[in-house]
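Below is one structure, written out as structure tokens; the observations come after it.
Nothing in this text is a laboratory measurement; each read-out follows from the coordinates by a stated rule. Source: prediction; values computed, not measured. All Cβ positions, glycine included, derive from the backbone under ideal geometry; neighbour counts span all protein chains shown.
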Amino acid sequence: MKSAVSTWKEALDALRHSYGENKQNFKIFKELFSKEQGDREPTDIFVNNCRALMSKLKGDYTKLLDVFKLDMVYGLLNLQIRKNIPRDKVTTFTALIAKARSAEENFLEKVEPRDNKQGNSGIKCRFCKNYGHIQRECKKFAASTNVKSTIEDKTWTPKAKQEQLTCYGCHTIGHISFQCPKLNAKGSDGNKDKHLGVLMTEENCDRPLLDVAIEA
């Protein structure tokens, strides 16, 4: 191998011929112009891929000037890049890549979605101050009050406790005043005091309870 080559160029050509892709020039140009830069494809990667492909050209195309290569690659760039980087402002691939990176950073700042403080629905929770739900649907509120959120459980089941009746006459649990044996015993002498009272208690009731007593 050493005796067959005398220059560095001949060595590179021999290496490309032995280990590189042996594509004809028209196939290389066909592959080059068949792909344009995608909307989300970084410019530096796209440009370097094009340059790597053009480095496989053989014959007289190896003497192709960089200005012509730059024209071919520039025409394949994304429209947004070409709008922000005029062709006459870049003379080398290094300058093109540097300006393209700066332009892409500006694109990201414009496209990046801003925080929508009002969310999708525009409603705001009074407890956690976040948008998108109300207080009774707030998981943080449910956790702080030990109450299941209505998001997780739409059904409400009261605790299974038996209602308790309290007598207003003797204050004994289990009966009401007109059934009270003590009051009925007093009424046997004709001076019976009539009492009607009931106290019904039930936990987890949203309505206020009032103690009502009627005496006649």
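Hey, which of these cross-link pairs are over 28 Å Cα-Cα: Lys27/Lys89; Lys63/Lys89; Lys27/Lys69?
From Lys27/Lys89; Lys63/Lys89; Lys27/Lys69, over 28 Å: Lys27/Lys89.
Give me Ser177, Ser102, Ser34 ranked fewest to most by other Cβ atoms within 10 Å of their Cβ, as a rough exposure proxy.
Ser34, Ser102, Ser177
At 0.36 nm per residue, and after removing the present C-alpha to C-alpha distance, how many nm does the segment from Lys140 to Tyr19 gain when stretched out fully?
Answer, rounded to one decimal: 37.1 nm.
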